[in-house]
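A.B. asks: Questions regarding the structure given below will be posed in turn.
The values are calculated or read from the model by the stated rules, or taken from the named source; none is laboratory data. Please read all numbers here as calculations on a predicted model, not as lab measurements. Backbone-built Cβ (ideal geometry, glycine too); neighbour counts: all protein chains shown. Protein only, heavy atoms only, side chains kept; ligands, DNA and RNA dropped before computing areas. Shrake-Rupley method; radii C 1.70, N 1.55, O 1.52, S 1.80 Å.
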Amino acid sequence: MSSFKEIIDLNNLPQHIAIIMDGNGRWAKEQGYDRIFGHQNGVISVRETTEAAAEIGIKYLTLYAFSTENWSRPQSEVDALMELLIDTIEKETPTLNKNNVRLMAIGDLTRLPGNAGVKLQRCILETSQNDGLALVLALSYSSRWEITNAVKNICKEVIEGKCNIDDINSEMVSNHLTTKSIPDPELMIRTSGEERISNFLLWQIAYTELYFTQTHWPAFRKENFYEAIYEFQQRERRFGK
Ligand code: IPE
Ligand code: IPE
Ligand code: MG
């Protein structure tokens, strides 16, 4: 059988793909390991998927790495996840540069512990000149947090007389979100069989195609990514017209 990479139409690629990386815990449990083992292996899938996206020229890949609600997990799991995230970002910076990948982050980064925020900003700065794939990490992110913030900031601008209530339109709202410089995703993937959005990019996915797969995130490989793109390309997008 030919691979999905060979049959996807390179002239009809989504510019932006967002992924809800789910199922690390279940994947690990199935093999008799603890949840952290699942998160560690999830890093391999992040690397693979980033490479897969860069290889075919995807412009934006947004990965849901940690939600606002994930702060409520047991402290030991939160600590392990934060350590893993920051460790990985530091270690992978040279590879990101080698592959012309620019790191970006969205979310309430002020909540990141210790020097995690500093290390993250360092990687963002050190890769900021790259003009290949933009890898957007959603960290301590939730859509309701983001939209609430946007509402606050727009209200401030109205009160300060910088704009009028009648100037508020959908474009202005988009420009007050953390994704303001990023086009809306055409495709959103969720792994591990759950068919829900879990507070991810609610505004941005108004017309996004959703793709759900049973594959757990740590088992997700390049071919799974290309299969999702192939499936996306078979769909008819109508935008209400
Ligand atoms: C996704 O895997 C990773 C994060 C949410 C950080 P989970 O940790 O949610 O794994 P499951 O869904 O419990 O299997
Ligand atoms: C969504 O997964 C968040 C991330 C992938 C970071 P969760 O596992 O936290 O979501 P629920 O609890 O199944 O909705
Ligand atoms: Mg989960």
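A.B. asks: Which residues among the range 1-45 fall inside the zone where the amide N is under 14 Å from a point 7 Å beyond the Cα of GLU51, along Cα→Cβ?
C.D. replies: 43-45, by backbone N distance to the label point.
A.B. asks: If Lys and Arg each add +1 and Asp and Glu each add -1, what is the summed charge of the other residues whose beta carbon sits under 11 Å from the beta carbon of GLN15?
C.D. replies: -1
A.B. asks: How large, in percent, is the carbon and sulfur part of the accessible surface of the chain at a probe radius of 1.4 Å?
C.D. replies: C and S atoms contribute 49 percent here.
A.B. asks: Something else: Please get the size of the charge dipole for the range 157-238, origin at its Cα centre, with Cβ charges of +1 on Lys and Arg and -1 on Asp and Glu, quoted in debye to the nearest 20.
C.D. replies: 320 debye
A.B. asks: Another question, then. Of the residues GLU90, GLU157, GLU209, which exhibits the maximal mean-square fluctuation in a Gaussian network model of the chain defined by a 10 Å Cα contact cut-off?
C.D. replies: Of the options given, GLU157 has the highest mean-square fluctuation.
A.B. asks: Related question: Could you size up the charge dipole of the chain around its Cα centre, putting +1 on the beta carbon of Lys and Arg and -1 on that of Asp and Glu, and report it in debye to the nearest 20?
C.D. replies: Here the size comes out at about 180 debye.
A.B. asks: If you take the charge dipole of the chain about its Cα centre, with +1 on Lys and Arg Cβ and -1 on Asp and Glu Cβ, which of ILE124, GLY57, ALA134 is farthest toward its positive end?
C.D. replies: Going by the Cα projections, it comes out as ILE124.
A.B. asks: Starting from the amide H of GLU209, placed 1.01 Å from N in the peptide plane, find each other amide H under 5 Å away whose residue is 5 or more places distant or on another chain.
C.D. replies: LEU187, MET188
A.B. asks: Please work out the average accessible area per residue across the chain, using the 1.4 Å probe convention, and give it in Å².
C.D. replies: Averaged over the residues of the chain, the accessible area is 52 Å².
A.B. asks: Put a dot 7 Å past each Cα toward the Cβ at LEU202 and ILE159; how far apart are the dots in nm?
C.D. replies: 2.3 nm
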